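These notes are about the structure you will find just below.
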Amino acid sequence: MDMKYTEEQKQLQDLARRYLEKECTIDFVRNLEKKDEEIGFSKEMWASFAEMGWLGLAIPEEHDGMGWGLVDQAILAMQMGRSICPSPYLSTAVIAAEAIVLGGTDDQKSELLEEIIGGEAVYAFCFQENTREFGPKTVALEAKADGDNYVINGSKMFVEFSKGADKLLVVTRTAGKVGEESGLTMFIMDSDTKGITHTHLPTMARDRQYEVKFENVTVPKSAVLGPVGDGWTILNKVVQKAAVIFSAYCAGTAEVMHEYALEFSKERVQFGRIIGQMQVIQQYLATCTIEIYGARTIVLYTAWHMDQGRDMLDYVAKTKAFTSHCVEHICDRGSQIFGGMGYIEETPTTLHLRRGKQYQLSMGGMAYWEDIVAEKMFGPVTA
């Protein structure tokens, strides 16, 4: 693998950094947090994403996308992680788009992908159940066939941007029981379908996550995405790509937190000298530098091999577990270097500390992915 960016990738990184540094400032993100009635992201910024081609970045050219790959999405996501950009990019342009490309009918691809590319449809991903566990075996939301329709009952937790979304990508159980990977079916439906309610969940990250309840929600069979009862065959690939993108967010957030701490350590005077001259501070920042390079490298390595069509589950697991550790460790160390200032609202470190924790836990926490790594080494985890 050649780790050098192509000219197009350099341009993408440069454009994304310049745009986000200008438009997605710390004050901008804070203002979104304070507006409880807001949807949690900027529709104007979302329209700009569409104009710049970011929403169709990895959608195949035959569906009017740019036909780029996961590496390119990861490059973009690292810049979004630097600015902790609050947007439904992952749920829409990565998760929903990939699920539709892999499992959609010709009609679904023609209609739904065009809406995503044009910024006309925002998706929320309804997967996480009311449990601390993650993965296909936890799915309990029930969808029962009823003539030409399905009736859905249950709830999903920690659904990002669901109230501001136009559509929901919902993972249900149409067969089997909780604890089994089989029996899953995906549906696409409008977020305001009768019987759906959205309840805001206050989080440490202060982002927009919701509990989405389904009470006798009736959708036609045409709303099914992919095979009935065998949705995990598609969803597994989608979740792996989403995990890599969340890993890129982690790497970007860790990188900018390190920059804050390094700059501060060169200016802050304590005990009669600049704190950056102290050995312990130097060791903190040196260790963080190594971790950041490792995080960026493993993200790009895994994404590149996935773009070649290789089975990279083992590396996806290592990538998400490692970058989750990195963002937690580096944000924690950065806050410590700032001292008491690192934990007050006036400094940017608190925002990155909170959002970094969210990235760490999203799309499966470290324990979920570490279990997969362990299974590769020792066989099925039984305890």
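Is at least one residue of region 155-171 free of Cβ contacts under 8 Å to residues at least 40 places away in the same chain, surrounded by fewer than 20 Cβ atoms within 10 Å (Cβ to Cβ) and either farther than 23 Å from LEU112 by Cβ or within 19 Å of the chain's Cα centre (by Cα) (or both)? No, region 155-171 has no match at all. For region 325-346, filtered to residues that are surrounded by fewer than 19 Cβ atoms within 10 Å (Cβ to Cβ) and not charged (D, E, K, R), the residue that is farthest from PHE264 (Cα to Cα) is HIS325. Evaluate region 19-27: report whether one residue or more is touching a Gly at 6+ places or on another chain (Cβ under 6 Å), of a type in the set (A, V, I, L, M, F, W, C) and either surrounded by 12 or more Cβ atoms within 10 Å (Cβ to Cβ) or within 20 Å of GLY81 (Cα to Cα) (or both). Looking for residues that are touching a Gly at 6+ places or on another chain (Cβ under 6 Å), of a type in the set (A, V, I, L, M, F, W, C) and either surrounded by 12 or more Cβ atoms within 10 Å (Cβ to Cβ) or within 20 Å of GLY81 (Cα to Cα) (or both), one finds none in region 19-27, hence no.
Against the test of being among the small types (Gly, Ala, Ser) and crowded, with 22+ Cβ neighbours inside 10 Å, the options GLY231, GLY272 yield a single qualifying residue, GLY231.
Among the residues of region 352-370, the ones that are surrounded by 16 or more Cβ atoms within 10 Å (Cβ to Cβ) and out of contact with any helix residue (DSSP H, G or I) (no Cβ under 6 Å at 6 or more places or on another chain) come to 8 in all. Taking every residue in region 213-225 that is over 15 Å from ASN153 (Cα atoms) and pairing it with any residue that is part of a helix (DSSP H, G or I), at least 6 positions away or on another chain, the pairs with Cβ-Cβ distances below 7 Å are LEU225/ALA99; LEU225/ILE100; LEU225/GLY103; LEU225/GLN108. The listed residues are PHE49, PHE41, and the only one of them that is surrounded by 14 or more Cβ atoms within 10 Å (Cβ to Cβ), of a type in the set (Phe, Trp, Tyr) and part of a loop (DSSP other than H, G, I, E, B) turns out to be PHE41. Count of region 305-357 residues, restricted to those that are of a type in the set (Phe, Trp, Tyr) and in contact with a His (Cβ under 9 Å, 6 or more places away or on another chain), is 1. In region 89-107, which residues are of a type outside the set (A, V, I, L, M) and farther than 17 Å from GLU51 by Cα? Within region 89-107, SER91, GLU98, GLY103, GLY104, THR105, ASP106, ASP107 qualify.
You will find that of THR199, THR253, the residue that is under 30 Å from LYS35 (Cα atoms) and either touching a residue at least 24 places away in the same chain (Cβ under 8 Å) or among the aliphatic types (A, V, I, L, M) (or both) is THR253 and no other.
Only the coordinates and a few stated rules stand behind these numbers; no lab work does. Computed from a predicted model, the values in this text were never measured in an experiment. Here Cβ is always computed from backbone atoms with ideal geometry, including for glycine, and neighbour counts include all displayed protein chains.
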